[in-house]
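Peer 1: What follows is a single structure, and I will ask about it in a moment.
The values are calculated or read from the model by the stated rules, or taken from the named source; none is laboratory data. Since the model is a prediction, treat every value here as computed from it, not as a measurement. A quick note on method: Cβ atoms are made from the backbone with ideal geometry, for glycine too, and the neighbour counts reach across all protein chains shown.
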Amino acid sequence: MFTKKPERESGADPLQRMSERPASDISSFADRPLAPAKSSLPSKLVPSVIGEDLTITGNVTSKGEIQVDGTIEGDVNCGSLLLGDKSQISGCVIAEDVVVRGRVMGSIRGLRVTLQAQSHVEGDIYHQSLAIEQGAYFEGKSRRSDDPLALKGEADKTAEAASGSQPRAAE
């Protein structure tokens, strides 16, 4: 069941054996070609983390996942957003998946939006799927939409068209 490893030369120190090799057998790192490590697994992006002690003033954009534990004063647009317990966002959020544990002052647009028990959201939520846990604070309106990630102006135009109302001209 178990195979026996061949016995090493008695008394042979591995460091000593390396130092006894001729220099031509040892290649330096500089001589090796630069190539990315090949992996059989598909590459998955590591989430970008905004730490508890970090405040960002301005918009944040990412194709991947963002985990926020700090403060953002601006809009956030990403693939997936996880807002930690002490996170604060003052601005609009646009992401496919949004999980809120912290505080958001602004609108949220997402395919799947989850407000966890300790969350505090003041703003409108446009979503395909919305889950609100008991204890979450939500002040605003919730609108289900087939394409909540669409630009705000486009969503307002389709809402007006659906209701049949015409915008009035200023008098």
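Peer 1: Mind checking which residues of segment 61-89 are of a type outside the set (S, T, N, Q) and in a strand (DSSP E or B)?
Peer 2: GLU65, ILE66, VAL68, ILE72, GLU73, VAL76, CYS78, GLY79, LEU81, LEU82, LEU83, ILE89
Peer 1: Something else now. Here is a list: LYS63, LYS141, LYS157, LYS152. Which entry is basic (Lys, Arg), farther than 26 Å from VAL46 by Cα, modelled with pLDDT under 95 and in contact with a strand residue (DSSP E or B) (Cβ under 9 Å, 6 or more places away or on another chain)?
Peer 2: Only one candidate qualifies: LYS152.
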